[in-house]
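**Q** Can you read through this structure? Questions will come right after.
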Amino acid sequence: MFRLSNNLVGILNFVTFLLSIPILGGGIWLRNHGTSECEKFLDTPIIVLGVFLMLVSLAGLIGACCRVSWLLWFYLLVMFLLIVLLFCFTIFAFVVTNKGAGKVLSDRGYKEYRLGDYSNWLQKRVGDGKNWNKIRSCLADGKICSDFNQKYLNDTVNVFYGRHLSAIQSGCCKPADECGYDYVSPSNWTPKTTNSTNPDCALWNNEPKTLCFNCDSCKAGLLDNLKRDWKKVAVVNIIFLIFLIVVYSIGCCAFRNNRRDNSYSSGWKNHP
């Protein structure tokens, strides 16, 4: 009769195996039907995650329910490595998101963002041209600025200045305030001569596909958004880490049961 720990490991891994099927299917669908660079950028990580969950859950399921000790040992090894990696990533996420905040402007409802305020590691990630081209494609495909323009289209300049814009809207969809451009609409501004040394002023373009997507302020806005999301993910990771440790402990009990059962079976067979 199977022990409780073996049954629990089997049930948990059966559920994980079922979850891996739609994840893998979603990745394959994106690879075959993705129409944008943003969608195609996601297909490989999703497929890898789906295959990984499927193989590990099968190892845990067969190892626990069929008393295959070497498969359960492999499952526990992967779980241990996953716990270590998740712990390291959680610490790393808190460290790299510790720096950076928007600059408060007088008489403005929104903040402005500067790339240099964020951690060097994050700056290098968005500073890489190949990475940023994919991110910029995602921002354009997401229609963040077109929706932003439609939402505030009828605003007068004073009403617009009082809006509480998101970090990406402030950094990517309008020029920096210090450029001194004249407001026409939320994403349409008339350039004029300025004494500002901010390089973003020269990069602004009213073309909907361009706007300030190449600006450092856009990269900084994205990092500010990423910073908030990573902190939320780090908190979730702590909860998930506790769950993994519990599952790992149950798996260790199941592995011990397997060894005892196998030893008992071997001893019974060799008994004269």
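The values are calculated or read from the model by the stated rules, or taken from the named source; none is laboratory data. The structure presented is a predicted model; accordingly, all values stated were derived computationally and were not measured. Note: ideal-geometry Cβ built from the backbone for every residue, glycine included; neighbour counts use all protein chains shown. Note: accessible area is taken over every heavy atom of the protein model, side chains too, but ligands, DNA and RNA are not part of it. Shrake-Rupley method; radii C 1.70, N 1.55, O 1.52, S 1.80 Å.
**Q** I'd like the Karplus ³J(HN,Hα) series for region 230-235: coefficients 6.51, -1.76, 1.60, θ = phi - 60°, whole numbers in Hz, and an x wherever there's a Gly or Pro.
**A** Ordered by residue, 3J(HN,Hα) equals 5, 5, 5, 4, 4, 5 Hz.
**Q** Any chance you could count the Lys pairs in region 166-270 whose alpha carbons are under 16 Å apart, treating pairs 8 or more apart or on different chains as valid?
**A** 5
**Q** Cα convex hull of region 69-198: mean projected area in nm², to one decimal?
**A** Values: hull surface 46.1 nm².
Directional mean of the projected Cα hull area for region 69-198 stands at 11.5 nm².
**Q** Okay, next question. Output the 0 to 90 degree angle, nearest 10, between the alpha-carbon long axis of helix 4-33 and the longest principal axis computed from the alpha carbons of the chain.
**A** Once rounded, one gets 40 degrees.
**Q** Something else about it: How large a share of the accessible area of the chain, in percent, is made up of carbon and sulfur atoms when the probe is 1.4 Å and the other protein chains stay in place?
**A** Details: 10050 of 15870 Å².
With neighbouring chains kept in place, the figure for the chain is 63 percent.
**Q** Hey, of [x] 26.2, 100; [y] 18.5, 61; [z] 17.8, 52, which did the structure itself give for Rg and Dmax of the Cα atoms in Å when calculated?
**A** Comparing each candidate, only [x] matches the computed number.
**Q** Quick one, what does Rg over Rh come out to for region 116-170 if you take C-alpha atoms and the Kirkwood Rh? Let's see the in-between values first.
**A** Details: Rg = 14.6 Å, Rh = 13.3 Å.
Value, to two decimals: 1.09.
**Q** From zero outward in steps of 10 Å, how is the percent of C-alpha pairs of region 6-142 spread across the bins?
**A** Cα pair-distance distribution for region 6-142, in percent: 11, 23, 27, 23, 12, 3, 1.
**Q** So with the 1.4 Å probe, I'd like the accessible area per residue for the chain, rounded to whole Å². Each step should come with its number before you reach the end.
**A** Details: 15870 Å² over 272 residues.
For the chain, the per-residue accessible area is 58 Å².
**Q** Another question about this same structure. Do any trypsin sites (Lys or Arg not before Pro) in region 192-226 lie in a DSSP loop with no more than 15 other beta carbon atoms within 10 Å, and if so, which?
**A** Numbers: sites: 192, 209, 219; in loops: 192, 209.
For trypsin sites (Lys or Arg not before Pro) across region 192-226 that sit outside H, G, I, E and B with at most 15 neighbouring Cβ atoms in 10 Å, the list reads 192, 209.
**Q** For residue 153 and residue 194, FRET efficiency with R0 = 35 Å and r from the beta-carbon atoms, rounded to 0.05? Can you show the working numbers first?
**A** Numbers: r = 25 Å, r/R0 = 0.72.
Working from the Cβ atoms, E equals 0.90.
**Q** Can you give the FRET efficiency for residue 105 and residue 232, using 1/(1 + (r/R0)^6), R0 = 25 Å, r = Cβ-Cβ distance, to the nearest 0.05?
**A** On the way: r = 26 Å, r/R0 = 1.05.
After rounding to 0.05, the efficiency reads 0.45.
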